[in-house]
Amino acid sequence: MAKLYAYTYDVETGGILLNDSTPLFSKEPRPVYAQELDVLGINSKWHYQDQNEIPYMWAEAGTYYYRGAIIFKVKGGSLCEKPEVIVNMEETPEGGKEKSNPVVPLGTTLLPMDMESMLKKNRDLLSAVEQVTLKKIYHYYKRFKNKNIDCFHVAFSGGKDSIVLLDLVKRALPRTEFKVLFGDTGMEFPDTYKVVDIIEKQCKEEGIEFKRAKSHFRPEDSWRIFGPPSKVLRWCCSVHKAAPQTLKIRDLLQKNDYVGVDFVGVRAFESLKRAEYDFENFGKKQKGQYSHNSILDWSSAEIWLYIYRHKLPINEAYKKGNARAGCLLCPMGGGKSDFFRQASYPREIAVYTDLIRETIDDKNIESYISNGGWAMRKNGRDIAGNKSHYQEETVGKELWITITDPATDWREWMKTIDALPFLYTVEQTANGYIFKIPSWADKSTEVKRFKQVLHKAAYCTGCRVCEVNCRNGCISFQNGLHIEGCVQCGQCHAIDDGCLLYHSLQLPKNGGHVMRSINTFADHAPKPEWLDKFFTYKDSFFKENTLGPMQISMFKRFLSDASLASKNTCTEFAEKISDIGWETQAAWGLILIQLAYNNPQIKWYIDNMPMEEMLPRAYVETKLTGEGISEKDAKSIVKAFGRLCKLPLGTKLHFGSVIEQKGQIAFLCRHKTTLEDARVVLYALYRFAEACGGYYQFTLSRLLDDTIESAGISPVKIFGLNRDDMTLILQGLSAKYQDFIDATFTHDLDKITLREDKSAADILKLF
């Protein structure tokens, strides 16, 4: 592994300076050019030359550094709103009327970086990073060279990381030994296509095979079909990127079950999720494919220094203030990143905002767009004209599944599953079918797979993701759906709900009319003394408490969502918690699981607060208001987090903490919980399986993947655990509770199997 270098800002050159100390973290610095300064209106505060060849300063998130010191910050921003620029000012002596910047007086001239001197100062350390990485790439190639590998290729995106990765691979390997594959989503920045053209021309001149992969869907069509993608409905990555790339390689090799080695430019510093990545893996992104994350341990400081040192092409999108080069309107963006995209490419962005207006039924559509409501979509409730083609209802002792206007022949999809251990009947209707199965079988694994077959039949639009998942080449969409020679491996069902389109368009069971407010406690989050009295007096607490009307109302809500009380009566779960000891770590681990499923406020903390990152109060409030929450409710939700952290949830389980300044919450932080009793995780696994509709066999990789939306919530997400934590816990559980769980780990493969005849309620009996 390459040594990780820390960095500082260099006053002399205006650049960045690596040093030999080990960094605790990187704030991902990026160079700032005149174009970005112009967009922010900095030209009204300082002077600088109108040139975009050399940057003037660096930015870390919303903080801008000039010659080693903070010169200004930006706050807020959205698709339709410019971020607020806050100049770093200092007070003049008493009696003065003006304020001034402590670094550079307003109205003076900013100097560009001294690039030559900056690179000279960083030469030795950067060379060390390069050499370690070059050796790593070469040794990985050499290891697989004679192991029946069908192809080596570099995943190219047109962003800074892939530009650096490609250059390193070109330096490390013979140029005839690998291909370059650009996954063209059709939604890339215009400047990305320009840099891709440059790289493609260079590759051809150097004898390197360069290929482009693109979906048969136009983005404008797929957005209309699937609805706008969102943070939890990211069908776009599969349809427009992963599937076309795999299909392209299959076409090049004329082989369905190819074994490839993919060099990928992901970096650990980019996100908490990517920090969990390994340098190499097998089958994580695509079945049968090895991946090497060659620059995983590089910081953005090293990336930019490498680009400048080797004079590599720069995607002009970065010079316009875009921190990342990706899709034009990405649901994972938001805030000021959306502003810079809009400012950079207004005409191109308008195509997608118009699509949102066309496909979404919302009376406040402009606010829905500007506040990022489209990116928070969790189902098909808001899709204009969306009618369900798949419905379930229990009639007597049968489960009836009605398919209306099916998209494909259900009989073809039935070829993908084994014979069912129950009888079912099919009745043809004027516009579809009614399938009837015994209700006793509803929660079985076989019924889950059967339902996925029917999801595909009802909705399949030929996105080809199922075809890609089938390495045996049994599924084809040439001239309609055809399935031949299927071995029932189940990989075509390893998709959310069996079908991406069904997953994106399905309606909530309640029709989406009942919405629970995220501000579930108002200004009355529970206190330790309330819980103490509840567990002391049990049922009589509801008659004898001294809480005010709003306090008892909010506390009842908490008790209900924690599964501790129902209709002013203690539950069996509450009795179990009392037996365990309501102030213990294990008890609050179990309570947190209930709250994660039942309380939208707790669920929001879990979904939106990164682990071990101290978040300013204003940041959290801005994030909430950006999701359509009122300012008043946002303040209440932040206040509640502080109150909750004073419960054993914070003091024993260590779910979170706050830092107060002058009696007010200044910073919030969510922590990896402290879990000494592994039975809590076992309970969470069974809750996960049951919530997923009887999903009793899955992988650790599935639990670690927070991009997958499902009714079940992974214990990884609830407790903030990582792969190593979960591996040890699962191995321990598998050894001690063989009647409940079997977890196996072989090389890069893993499998977790729960007993279908056991339940979460059975786990509670173990305490």
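Say whether the condition of being modelled with pLDDT of 90 or more, in contact with an Asp or Glu (Cβ under 6 Å, 6 or more places away or on another chain) and either part of a loop (DSSP other than H, G, I, E, B) or of a type in the set (Asp, Glu) (or both) is met by at least one residue in segment 373-387.
Step one: list which residues in segment 373-387 are modelled with pLDDT of 90 or more, which gives 380, 383-387.
Filter again for in contact with an Asp or Glu (Cβ under 6 Å, 6 or more places away or on another chain), leaving 384.
Retained after the next criterion (residues that are either part of a loop (DSSP other than H, G, I, E, B) or of a type in the set (Asp, Glu) (or both)): 384.
Checking segment 373-387: at least one residue is modelled with pLDDT of 90 or more, in contact with an Asp or Glu (Cβ under 6 Å, 6 or more places away or on another chain) and either part of a loop (DSSP other than H, G, I, E, B) or of a type in the set (Asp, Glu) (or both).
Taking the criterion of being crowded, with 16+ Cβ neighbours inside 10 Å and part of a helix (DSSP H, G or I), the residues of segment 516-532 that qualify are Trp530, Leu531.
Touching a Lys or Arg at 6+ places or on another chain (Cβ under 9 Å), among the polar types (S, T, N, Q) and outside the structural domain of Gly227 (by TED's automatic domain parsing): which single residue out of Asn431, Asn469 fits that description? Lay out the reasoning, then the answer.
Values: Asn431 fails: touching a Lys or Arg at 6+ places or on another chain (Cβ under 9 Å).
Within the list Asn431, Asn469, the selection yields Asn469.
Screening Cys237 with (1) in contact with a strand residue (DSSP E or B) (Cβ under 8 Å, 6 or more places away or on another chain); (2) within 25 Å of Gln342 (Cβ to Cβ); (3) not in a loop (DSSP other than H, G, I, E, B) gives one miss only, at (1). Pull up segment 137-166, narrow it to residues that are within 28 Å of the chain's Cα centre (by Cα) and assigned to a helix (DSSP H, G or I), then point me to the one that is nearest to Asp197 (Cα to Cα). Ranking the qualifying residues of segment 137-166, first place goes to Ile163.
Residue-wise test of (1) outside any strand (DSSP E or B); (2) at pLDDT 95 or above; (3) farther than 14 Å from Lys320 by Cα.
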position	(1), (2), (3)
Gly14	yes, yes, yes
Ser21	yes, no, yes
Asn52	yes, yes, no
Ala59	no, yes, no
Lys73	no, no, yes
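Among the residues of segment 442-461, those that are of a type outside the set (D, E, K, R) and either assigned by TED's automatic domain parsing to the domain that holds Gly694 or touching a residue at least 40 places away in the same chain (Cβ under 8 Å) (or both) comprise Ser444, Thr445, Val447, Gln452, Val453, Leu454, His455, Ala457, Ala458, Tyr459, Cys460, Thr461.
All of Leu454, Leu423 fail the test of being at pLDDT 95 or above and within 26 Å of Asp757 (Cβ to Cβ), apart from Leu454. Under the condition of being over 27 Å from Lys319 (Cβ atoms) and buried (at least 17 other Cβ atoms within 10 Å of the Cβ), the residues counted in segment 343-364 number 4. A single entry from Tyr686, Tyr737 fulfils the requirement of being among the aromatic types (Phe, Trp, Tyr) and closer than 26 Å to Tyr502 by Cα: Tyr686.
Applying the condition of being part of a loop (DSSP other than H, G, I, E, B) and not aliphatic (A, V, I, L, M) to segment 23-38 and asking which residue is modelled with the lowest pLDDT yields Phe25. Just for segment 159-186: of the residues that are among the aliphatic types (A, V, I, L, M) and closer than 26 Å to Leu247 by Cβ, which one is surrounded by the most Cβ atoms within 10 Å (Cβ to Cβ)? Top of the filtered list is Leu165. The single condition among (1) within 17 Å of Lys448 (Cβ to Cβ); (2) at pLDDT below 95; (3) in contact with a helix residue (DSSP H, G or I) (Cβ under 8 Å, 6 or more places away or on another chain) that Cys466 does not satisfy is (2). Taking the criterion of being touching a helix residue (DSSP H, G or I) at 6+ places or on another chain (Cβ under 7 Å) and in a helix (DSSP H, G or I), the residues of segment 574-590 that qualify are Lys576, Ile577, Ser578, Ile580, Ala586, Ala587, Trp588, Gly589, Leu590.
Each residue in segment 581-607 was checked for being within 18 Å of Tyr683 (Cα to Cα), surrounded by fewer than 18 Cβ atoms within 10 Å (Cβ to Cβ) and over 22 Å from the mean Cα position of the chain (by Cα), and 2 of them qualify.
Among the helices (runs of 4 or more DSSP H) confined to segment 694-767, the ones with at least 1 residues that are over 27 Å from the mean Cα position of the chain (by Cα) and on the phi < 0 side of the Ramachandran plot are located at 723-736, 760-764.
With respect to the conditions (1) in a helix (DSSP H, G or I); (2) more than 20 Å from the chain's Cα centre (by Cα), Tyr619 lacks only one, and its number is (2). I'd like to know if segment 346-356 contains one or more residues that are in a loop (DSSP other than H, G, I, E, B), farther than 17 Å from Glu81 by Cα and free of Cβ contacts under 8 Å to residues at least 12 places away in the same chain. Within segment 346-356, not a single residue is in a loop (DSSP other than H, G, I, E, B), farther than 17 Å from Glu81 by Cα and free of Cβ contacts under 8 Å to residues at least 12 places away in the same chain. Just one of (1) touching an Asp or Glu at 6+ places or on another chain (Cβ under 7 Å); (2) closer than 30 Å to Glu627 by Cβ fails for Met550. It is (1). Taking segment 624-648 as the search range and keeping residues that are in contact with a Gly (Cβ under 8 Å, 6 or more places away or on another chain) and not in a loop (DSSP other than H, G, I, E, B), which one is nearest to Met332 (Cα to Cα)? Ranking the candidates gives Phe641 first. Residues that are in contact (Cβ under 8 Å) with a residue 40 or more places away in the chain and either part of a strand (DSSP E or B) or not assigned by TED's automatic domain parsing to the domain that holds Cys151 (or both) within segment 185-209 comprise just one, Glu188.
Does segment 212-240 hold any residues that are modelled with pLDDT of 95 or more, charged (D, E, K, R) and closer than 16 Å to Leu505 by Cα, and which are they? Selection gives Asp221, Arg224.
The values are calculated or read from the model by the stated rules, or taken from the named source; none is laboratory data. This one's a predicted model, so the numbers in the text were calculated from it and none came from an experiment. Glycine also receives a Cβ, built like all others from the backbone with ideal geometry; neighbour counts cover every protein chain displayed.
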